[in-house]
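Worksheet: one structure, shown below.
The values are calculated or read from the model by the stated rules, or taken from the named source; none is laboratory data. Here the structure is a predicted model, which means the values were calculated and not measured. Neighbour counts run over all protein chains shown; Cβ positions are idealised from the backbone, glycine included.
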Amino acid sequence: MNAGTVREGTEGAGIVIVGAGLGGIRVAERARQSGYTGPVTLIGAENYQPYDRPPLSKEVLRGADRVELKDDDYYRESDLTLRMGVRVASIDTAAHAVVTDSGERIEYQSLVLATGLMPRALPGTEDVAGVHLLRTYDDCVALRDDAKDAKSAIVIGAGFIGCEVAASLHQLGVPSVTIIEPQEAPLAQALGVEVGNLVRRVHVEAGVDIRTGVGVSGVDTADGRASAVRLDDGTVLPADVVVVGIGSVPVTDYLDGSGIEVASRELGGGIACDESGRTSAPDVYAVGDVANWGARAGRNGRVEHWNNTVEQAALIGAELVLPSAEALALPYFWSDQFDLKIQMLGHPAPSDEVHIVSDDGRKFVAYYSRDGLLTGVVGAGKAGAVMKMRAKLQASTPIADLL
Ligand SMILES: Cc1cc2nc3c(=O)[nH]c(=O)nc-3n(C[C@H](O)[C@H](O)[C@H](O)COP(=O)(O)OP(=O)(O)OC[C@H]3O[C@@H](n4cnc5c(N)ncnc54)[C@H](O)[C@@H]3O)c2cc1C
């Protein structure tokens, strides 16, 4: 091993990782920690070394620089080959090689796919100036620049990213920020209507307008730029900036013709894996937002959360060196909106029974249960109360014992 250098040309063989985001770098890190000394090659389509995505809708949108996941010393000391600005176009599983979009072939012994998601566009607005999607640092900078002089911003979709972007745009000083959501409440798909409405309260108090139960029928333009958003009920809202936050799709286009199985939409899409990240092709694994751990056994295991990616990457990174099977820890997710940290532990589902166990008008804690058993905990500004439920969740505690 040639310690002390970052190689930039083709390395290949050993471990090759496609996607240099959170999952990709964490697999590389864990493989090295587990004692792997062979070549590790990380291939990423973006021009930046791996950085963290959650700050893009929060601090970075409000003006901070991007958060690098590792510094330059780390790359030198860990002897990784970084191939940034390189997109993998296809995979030749028979020859154990990936092919880049410039036609270069890079061979692998083990291949890890960590290509994440791409945001869904609002049909017809793909090339309209002033309409933004948010997944990458470049997306974030484009939105931030555009928001500087905006008088009104409209966020389409009140999921976590939409709500965070609305809060950040408001904090950036955009005078009018409106969220449009066809469901009954913000975050209803993730947290249910009752808890979603507790989050609505925080936004409304701050001055964000949230319109629920109404969809978007189109975006009007003037001089080639977005000028207004038309709603299903006929309302037309002026908009200098429009942010589309209507969900994302797994990036799997480069798998066409590879024979690597992709999960059906009904099963959550993404790369079909067994319960520990193995795809249908020998020596090929998948981690993170793109991976559907369980789909090959008929279960939708695709999760689009930071912690899930980190835990899967740790398992795969170690597995490439020493086969091991640890159980995944309890799912955990957080979201920052204004000064509130919203945290979710376990598997709460919108169809579960919801029990609001504390609510001071701003901060709250809700337990979720199914068939009489605790399934999840959601809290806002209540980290201690959420985290202390970890053991109860792991033990499938009857909800009656907790109320
Ligand atoms: C704005 C935003 C806010 C978020 N906030 C939170 C939060 O508050 N809490 C939370 O738990 N999670 C949050 N997340 C989700 C979290 O960031 C993801 O779960 C995590 O980044 C997933 O990591 P990943 O490695 O699977 O994918 P990514 O980090 O998306 O990395 C995938 C990489 O693969 C590259 N790639 C794709 N195709 C190719 C190809 N063919 N060849 C080469 N490279 C390719 C992409 O360019 C990308 O760089 C947020 C995400 C976003 C976008």
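Taking residues in the range 95-106 that are part of a loop (DSSP other than H, G, I, E, B), and partners anywhere that are more than 10 Å from the ligand (Cβ to nearest atom) and not small (Gly, Ala, Ser), the pairs with Cβ atoms closer than 8 Å and at least 6 places apart or on different chains are Ala95/Arg105; Ala95/Glu107; His96/Glu107; His96/Tyr108; His96/Gln109; His96/Leu111; His96/Asp283; Glu104/Thr10.
Could you check the range 178-257 for strands (runs of 3 or more DSSP E) lying wholly inside it with 3 or more residues that are over 21 Å from Asp339 (Cα atoms) and either hydrophobic (A, V, I, L, M, F, W, C) or modelled with pLDDT of 95 or more (or both)?
Numbers: elements: 209-212, 216-222, 225-231, 236-238, 241-244, 248-250.
So the answer is 216-222, 225-231, 236-238, 241-244, 248-250.
Within the range 106-131, the set of residues being away from the ligand (no atom under 14 Å from the Cβ) and on the phi < 0 side of the Ramachandran plot comprises Glu107, Gln109, Ser110, Ala121, Leu122, Pro123, Thr125, Glu126, Asp127, Val128, Ala129, Val131. Beta carbons closer than 8 Å, at least 6 apart along the sequence or on distinct chains, pair a first residue in the range 11-25 that is in the same structural domain as Asn292 (by TED's automatic domain parsing) and modelled with pLDDT of 95 or more with a second that is within 8 Å of the ligand (Cβ to nearest atom) and among the basic types (Lys, Arg) for Gly21/Arg53; Leu22/Arg53.
Look through the range 18-40, keep the residues that are crowded, with 24+ Cβ neighbours inside 10 Å and outside any helix (DSSP H, G or I), and return whichever of them is farthest from the ligand (Cβ to nearest atom). Ranking the qualifying residues of the range 18-40, first place goes to Val40. Within the range 158-198, the set of residues being of a type in the set (A, V, I, L, M, F, W, C), surrounded by fewer than 24 Cβ atoms within 10 Å (Cβ to Cβ) and under 20 Å from the mean Cα position of the chain (by Cα) comprises Ala188, Ala190.
Is at least one residue of the range 350-367 surrounded by 14 or more Cβ atoms within 10 Å (Cβ to Cβ), without any contact (Cβ under 8 Å) to a residue 24 or more places away in the chain and in contact with a Ser or Thr (Cβ under 6 Å, 6 or more places away or on another chain)? Within the range 350-367 (the criterion being surrounded by 14 or more Cβ atoms within 10 Å (Cβ to Cβ), without any contact (Cβ under 8 Å) to a residue 24 or more places away in the chain and in contact with a Ser or Thr (Cβ under 6 Å, 6 or more places away or on another chain)), the answer is yes, since at least one residue qualifies.
Residues are listed down the side, and each one gets a yes or a no for (1) near the ligand (Cβ under 9 Å from one of its atoms); (2) basic (Lys, Arg); (3) out of contact with any helix residue (DSSP H, G or I) (no Cβ under 7 Å at 6 or more places or on another chain):
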position: Ala45; (1), (2), (3): yes, no, yes
position: Tyr48; (1), (2), (3): yes, no, no
position: Tyr51; (1), (2), (3): yes, no, no
position: Lys58; (1), (2), (3): yes, yes, no
position: Arg66; (1), (2), (3): no, yes, no
position: Asp72; (1), (2), (3): no, no, yes
position: Tyr75; (1), (2), (3): no, no, yes
position: Ile91; (1), (2), (3): no, no, no
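Looking across Asn307, Asn292, one residue alone is surrounded by fewer than 18 Cβ atoms within 10 Å (Cβ to Cβ) and assigned by TED's automatic domain parsing to the domain that holds Leu22. It is Asn307. Counting only residues that are in a loop (DSSP other than H, G, I, E, B) and surrounded by fewer than 20 Cβ atoms within 10 Å (Cβ to Cβ), the range 41-74 holds 15 of them.
One residue stands out among those in the range 74-112 that are among the polar types (S, T, N, Q) and under 13 Å from Val40 (Cβ atoms): the one that is modelled with the highest pLDDT, which is Ser110. When the residues of the range 275-299 are narrowed to those that are away from the ligand (no atom under 16 Å from the Cβ) and in contact with a Leu (Cβ under 7 Å, 6 or more places away or on another chain), which ends up farthest from Leu111 (Cα to Cα)? Within the range 275-299, the match that is farthest from Leu111 (Cα to Cα) is Ser276. Among the residues of the range 125-147, those that are outside any helix (DSSP H, G or I) and in contact (Cβ under 8 Å) with a residue 24 or more places away in the chain comprise Thr125, Val128, Ala129, Gly130, Val131, His132, Leu133, Leu134, Arg135, Thr136.
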